[in-house]
1. Can you list the HN-Hα couplings for segment 11-28, worked out from phi with the Karplus curve (6.51, -1.76, 1.60; θ = phi - 60°), rounded to whole Hz and with x for Gly and Pro?
2. Taking neighbour counts of Cβ atoms within 10 Å as a proxy for exposure, in what order, fewest first, do 74, 36, 107, 157 appear?
3. Cut-off is 10 Å between beta-carbons; in what order do 128, 72 appear when sorted fewest neighbours first?
4. Within the chain, which is the longest segment that contains none of the trypsin sites (Lys or Arg not before Pro) sitting in a DSSP loop with at most 16 other Cβ atoms within 10 Å?
5. Starting with the fewest neighbours, write out 82, 8 ranked by other beta-carbon atoms found within 10 Å of each beta-carbon.
6. With 19 Å as the limit, write out which pairs from 18/110; 110/143; 18/84 have Cα-Cα distances beyond it, or answer none.
7. Check each of the GluC sites (Glu not before Pro) in segment 102-163 and keep only those in coil by DSSP with at most 16 other C-beta atoms within 10 angstrom; list them in order.
8. How large is ³J(HN,Hα) for each residue in segment 80-95, as worked out from phi by the Karplus curve 6.51 cos²θ - 1.76 cosθ + 1.60 (θ = phi - 60°), to whole Hz, x for Gly and Pro?
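Computed from the coordinates by the stated procedures, all read-outs in this text should not be read as laboratory data. Quick caveat, the model's predicted, so the values are computed rather than measured. Using ideal geometry, Cβ is built from the backbone for each residue, glycine included, and neighbour counts are taken over all protein chains shown.
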Amino acid sequence: MTRIGLGYDVHRLVTGRKLVLGGVNIPYEKGLLGHSDADVLVHAACDALLGAVGLGDIGEHFPDTDEQYRGICSLELLRNVYDKVKTCGYELVNMDATIFAQKPRLSFFKAQMAIRMAESILVDPHAINIKATTTEGLGTIGKGEGIAAMCVALLQSTMPETG
């Protein structure tokens, strides 16, 4: 049996923070504001995985009111989420994600992001595809006020089928 999940996240860009996407530090004058490292790509991936197995969303598992998650590397959250996915009897088939950012240009970092995310959950990096696009100057993202990400994950049951 297969299951699919969709995740989305957005955070405001601010000065004084590092920009982390897909577990990669991106050189830029601003970073994303959030309780954790605010990695929108990994947060969207977590929501996609959680949604696929019907376990709610990232905020339910790692609330921003819990101090243990302040400043945490989102790849740790992804590992935790993927452990939940495996406990439910599923494994990742593939994940496809898009980052929406006017700046900085991310094409150079996409492969590194996929590798970092794949390493964190011990899957083949080819199972994770990352794309990046602008919003052509439209909206808050186009004005450079934030970055968003969307992700879809396809899971496959690890349990033998009964007939």
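1. Ordered by residue, 3J(HN,Hα) equals 9, 6, 7, 9, 7, x, 10, 7, 8, 10, 9, x, x, 10, 6, 9, x, 6 Hz.
2. Listing 74, 36, 107, 157 from fewest to most nearby Cβ atoms yields 107, 157, 36, 74.
3. If I rank by nearby Cβ atoms, fewest first, I get 72, 128.
4. 19-69
5. 8, 82
6. Flagged as over cut-off: 110/143; 18/84.
7. 136, 145, 161
8. 4, 4, 5, 4, 5, 4, 5, 4, 6, x, 10, 9, 6, 8, 7, 9
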